[in-house]
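Report on the structure given below.
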Amino acid sequence: MPRRSAPALVVYDGDCAFCTTSVAFIMRRLRPKCTVSPWQFTDLDALGVTRRRAQHELLYISPAGTVYGGAQAVARILLRAGGIWAWPGGMLILPPARWIAHGVYRAVAAHRDRLPGGSPACAVLAAHRPG
């Protein structure tokens, strides 16, 4: 679903303190040209995103409506920030950095409840994690 008139959108888990802190840091320090919204206050159906996906990974929705998740969402945010941040963002979309970033993102996401700023709300049962 095209969103050409809308800015890029970053959707994150607003119940997770680690996620909220990370997104706040990114917005304050990198200043990507996008808006942010917790998935709990986002019309996911209008974006073509399932609740399950939004619960498990950071999402970046381009103005054209393309949805990127996890490490690829981080790469797109870095690209959107521009300047010096565009270089690592560009690297993260290319193999083998893309594969490594995916693994690192999944490890962090799986253990976000144990990371600084993590909370019990961050814990997701292993049986419910995608992939």
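The values are calculated or read from the model by the stated rules, or taken from the named source; none is laboratory data. Given the structure is predicted, the values throughout are model-derived calculations rather than measurements. Note that we place each Cβ from the backbone using ideal geometry, even for glycine, and neighbour counts take in every protein chain shown. Just so you know, the surface numbers come from the protein's heavy atoms only, side chains and all, with ligands and any DNA or RNA stripped out. Shrake-Rupley method; radii C 1.70, N 1.55, O 1.52, S 1.80 Å.
Some values worked out for this structure:
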item: Yes/no for residue 43 being open to solvent by 60 Å² or more (accessible area, probe 1.4 Å) and among the acidic types (Asp, Glu); result: yes
item: Scope the stretch 27-45; condition in contact with a strand residue (DSSP E or B) (Cβ under 8 Å, 6 or more places away or on another chain), part of a helix (DSSP H, G or I) and within 13 Å of residue 81 (Cβ to Cβ); matching residues; result: 27
item: Tally, over the stretch 50-65, of residues that are assigned to a loop (DSSP other than H, G, I, E, B) and either free of Cβ contacts under 8 Å to residues at least 40 places away in the same chain or over 16 Å from residue 36 (Cβ atoms) (or both); result: 3
item: Pairs where the first residue, in the stretch 1-30, is more than 24 Å from residue 114 (Cβ to Cβ) and hydrophobic (A, V, I, L, M, F, W, C) and the second is open to solvent by 90 Å² or more (accessible area, probe 1.4 Å) and modelled with pLDDT of 90 or more, C-beta under 8 Å, 6+ apart; result: 8/33; 30/85
item: Count of residues meeting criterion [open to solvent by 30 Å² or more (accessible area, probe 1.4 Å) and out of contact with any strand residue (DSSP E or B) (no Cβ under 9 Å at 6 or more places or on another chain)] in the stretch 46-80; result: 7
